[in-house]
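Read the structure below first, then the notes.
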Amino acid sequence: MKFSSLVVPVVLAALAAADTLHYDNIYDDGSQSLDVVACSNGANGLETLGYTDFQSLPTFPYIGAFGAVLGWNSAECGSCWKIAYTNAAGKTTRIHALAVDHAGEGLINLSQEAMDKLTDGHAVEFGAVQVTATQVAKSACGIKK
(Lines give C-alpha, C1' and ligand atoms only; values in the text may rest on other atoms or scores of the structure.)
Protein backbone atom coordinates (compact mmCIF):
# COMPACT_ATOMS: atom_id res chain seq x y z
CA MET A 1 0.00 0.00 0.00
CA LYS A 2 2.78 2.45 0.72
CA PHE A 3 4.17 1.91 -2.77
CA SER A 4 0.92 3.02 -4.44
CA SER A 5 0.74 6.15 -2.33
CA LEU A 6 4.17 7.14 -3.65
CA VAL A 7 3.32 6.49 -7.29
CA VAL A 8 0.34 8.87 -7.50
CA PRO A 9 2.28 12.08 -6.68
CA VAL A 10 5.05 11.16 -9.13
CA VAL A 11 2.55 10.56 -11.95
CA LEU A 12 0.73 13.82 -11.24
CA ALA A 13 4.00 15.73 -11.18
CA ALA A 14 4.81 14.42 -14.65
CA LEU A 15 1.50 15.75 -16.00
CA ALA A 16 1.94 19.31 -14.75
CA ALA A 17 5.17 21.26 -14.78
CA ALA A 18 6.32 24.72 -13.78
CA ASP A 19 7.58 26.62 -16.80
CA THR A 20 8.77 30.10 -17.68
CA LEU A 21 6.43 31.83 -20.10
CA HIS A 22 7.55 34.58 -22.50
CA TYR A 23 5.76 36.15 -25.42
CA ASP A 24 6.88 36.24 -29.03
CA ASN A 25 5.01 38.49 -31.44
CA ILE A 26 5.50 36.08 -34.34
CA TYR A 27 2.58 34.09 -32.89
CA ASP A 28 0.31 37.16 -33.00
CA ASP A 29 0.47 37.36 -36.81
CA GLY A 30 -2.42 35.28 -38.11
CA SER A 31 -1.19 35.45 -41.72
CA GLN A 32 2.09 33.75 -40.77
CA SER A 33 2.50 30.46 -42.65
CA LEU A 34 2.87 27.24 -40.67
CA ASP A 35 5.97 26.63 -42.79
CA VAL A 36 7.97 28.77 -40.31
CA VAL A 37 7.36 26.49 -37.28
CA ALA A 38 8.50 23.01 -36.26
CA CYS A 39 4.96 21.63 -36.53
CA SER A 40 4.45 22.43 -40.19
CA ASN A 41 4.59 19.29 -42.30
CA GLY A 42 5.66 15.70 -41.81
CA ALA A 43 3.51 12.93 -40.37
CA ASN A 44 2.89 14.90 -37.16
CA GLY A 45 2.64 18.32 -38.80
CA LEU A 46 -0.42 20.53 -38.55
CA GLU A 47 -0.52 21.03 -42.32
CA THR A 48 -1.47 17.35 -42.65
CA LEU A 49 -4.66 18.24 -40.76
CA GLY A 50 -5.55 20.97 -43.26
CA TYR A 51 -4.19 24.02 -41.41
CA THR A 52 -2.16 26.49 -43.47
CA ASP A 53 -1.39 29.55 -41.35
CA PHE A 54 -1.68 30.65 -37.74
CA GLN A 55 -5.19 32.11 -38.09
CA SER A 56 -6.49 28.79 -39.44
CA LEU A 57 -5.67 27.09 -36.11
CA PRO A 58 -8.66 26.65 -33.78
CA THR A 59 -7.01 28.33 -30.77
CA PHE A 60 -5.36 31.27 -32.55
CA PRO A 61 -3.91 33.46 -31.05
CA TYR A 62 -3.39 31.03 -28.18
CA ILE A 63 -0.53 29.24 -29.89
CA GLY A 64 3.19 28.99 -29.39
CA ALA A 65 6.40 27.11 -28.70
CA PHE A 66 6.72 24.49 -25.98
CA GLY A 67 9.66 22.52 -24.62
CA ALA A 68 7.68 19.32 -25.17
CA VAL A 69 8.01 19.85 -28.95
CA LEU A 70 11.50 18.51 -29.54
CA GLY A 71 11.83 19.75 -33.12
CA TRP A 72 10.43 19.31 -36.61
CA ASN A 73 7.70 16.65 -36.87
CA SER A 74 7.71 16.01 -33.10
CA ALA A 75 5.05 13.67 -31.76
CA GLU A 76 3.97 16.58 -29.51
CA CYS A 77 3.07 18.82 -32.46
CA GLY A 78 -0.53 19.90 -32.01
CA SER A 79 -0.59 19.01 -28.32
CA CYS A 80 -2.88 21.10 -26.15
CA TRP A 81 -1.82 22.67 -22.87
CA LYS A 82 -3.78 24.20 -20.01
CA ILE A 83 -1.63 27.05 -18.72
CA ALA A 84 -2.26 28.61 -15.33
CA TYR A 85 -0.76 31.86 -14.05
CA THR A 86 -1.25 33.10 -10.50
CA ASN A 87 -0.63 36.80 -9.90
CA ALA A 88 0.79 38.41 -6.75
CA ALA A 89 -2.73 38.82 -5.32
CA GLY A 90 -3.38 35.08 -5.64
CA LYS A 91 -5.77 35.27 -8.63
CA THR A 92 -5.27 32.40 -11.08
CA THR A 93 -6.06 32.76 -14.78
CA ARG A 94 -6.08 29.78 -17.16
CA ILE A 95 -6.02 29.40 -20.93
CA HIS A 96 -5.60 26.55 -23.39
CA ALA A 97 -2.80 26.89 -25.94
CA LEU A 98 -1.73 24.82 -28.92
CA ALA A 99 1.86 23.66 -29.40
CA VAL A 100 3.05 24.65 -32.88
CA ASP A 101 6.78 25.12 -32.37
CA HIS A 102 9.83 24.12 -30.35
CA ALA A 103 11.09 25.94 -27.25
CA GLY A 104 13.88 25.08 -24.84
CA GLU A 105 13.24 22.80 -21.91
CA GLY A 106 11.04 24.46 -19.29
CA LEU A 107 10.10 27.30 -21.63
CA ILE A 108 6.88 28.37 -23.30
CA ASN A 109 6.65 31.19 -25.85
CA LEU A 110 3.12 32.32 -26.68
CA SER A 111 1.60 35.22 -28.57
CA GLN A 112 1.58 38.50 -26.70
CA GLU A 113 -2.21 38.38 -26.78
CA ALA A 114 -2.21 35.04 -24.96
CA MET A 115 0.26 36.26 -22.34
CA ASP A 116 -1.76 39.46 -21.92
CA LYS A 117 -4.85 37.33 -21.24
CA LEU A 118 -2.98 35.42 -18.52
CA THR A 119 -1.37 38.49 -16.94
CA ASP A 120 -4.28 40.92 -17.25
CA GLY A 121 -2.50 42.95 -19.93
CA HIS A 122 1.00 42.93 -18.44
CA ALA A 123 2.94 40.81 -20.97
CA VAL A 124 5.27 43.62 -22.06
CA GLU A 125 5.72 44.93 -18.51
CA PHE A 126 6.49 41.51 -17.00
CA GLY A 127 8.40 40.01 -19.91
CA ALA A 128 8.41 36.55 -18.34
CA VAL A 129 6.31 34.82 -15.68
CA GLN A 130 6.19 31.43 -14.00
CA VAL A 131 3.24 29.28 -15.05
CA THR A 132 2.03 25.74 -14.60
CA ALA A 133 1.43 23.89 -17.85
CA THR A 134 -0.58 20.69 -17.97
CA GLN A 135 -1.01 18.69 -21.15
CA VAL A 136 -4.68 18.00 -21.88
CA ALA A 137 -6.60 16.30 -24.69
CA LYS A 138 -6.04 17.81 -28.14
CA SER A 139 -9.80 18.24 -28.40
CA ALA A 140 -9.59 20.97 -25.71
CA CYS A 141 -7.80 23.02 -28.38
CA GLY A 142 -10.15 22.03 -31.17
CA ILE A 143 -7.83 19.47 -32.77
CA LYS A 144 -9.79 16.42 -33.90
CA LYS A 145 -6.94 13.99 -34.61
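The values are calculated or read from the model by the stated rules, or taken from the named source; none is laboratory data. Since the structure is predicted, the reported quantities are computational estimates derived from the model, not experimental observations. All Cβ positions, glycine included, derive from the backbone under ideal geometry; neighbour counts span all protein chains shown.
Would you be able to say whether some residue in the stretch 90-106 is in a helix (DSSP H, G or I), over 20 Å from Tyr23 (Cα atoms) and of a type in the set (Lys, Arg)? No: the stretch 90-106 contains no residue that is in a helix (DSSP H, G or I), over 20 Å from Tyr23 (Cα atoms) and of a type in the set (Lys, Arg).
Looking only at residues in the stretch 69-115 that are in contact (Cβ under 8 Å) with a residue 60 or more places away in the chain and of a type in the set (Asp, Glu), the one that is nearest to Leu46 (Cα to Cα) is Asp101.
Scanning the stretch 60-78 for residues that are part of a loop (DSSP other than H, G, I, E, B) and closer than 15 Å to Ile26 by Cα yields Phe60, Pro61, Tyr62. Within the stretch 37-45, identify whether any single residue is touching a Phe, Trp or Tyr at 6+ places or on another chain (Cβ under 8 Å) and modelled with pLDDT under 95, and answer yes or no. Yes, there is a match, as at least one residue in the stretch 37-45 is touching a Phe, Trp or Tyr at 6+ places or on another chain (Cβ under 8 Å) and modelled with pLDDT under 95. Looking only at residues in the stretch 110-131 that are surrounded by 16 or more Cβ atoms within 10 Å (Cβ to Cβ) and part of a strand (DSSP E or B), which one is farthest from the chain's Cα centre (by Cα)? Result: Val129.
A count restricted to the stretch 25-57 and to residues that are buried (at least 16 other Cβ atoms within 10 Å of the Cβ), out of contact with any Asp or Glu (no Cβ under 7 Å at 6 or more places or on another chain) and not in a helix (DSSP H, G or I) stands at 5.
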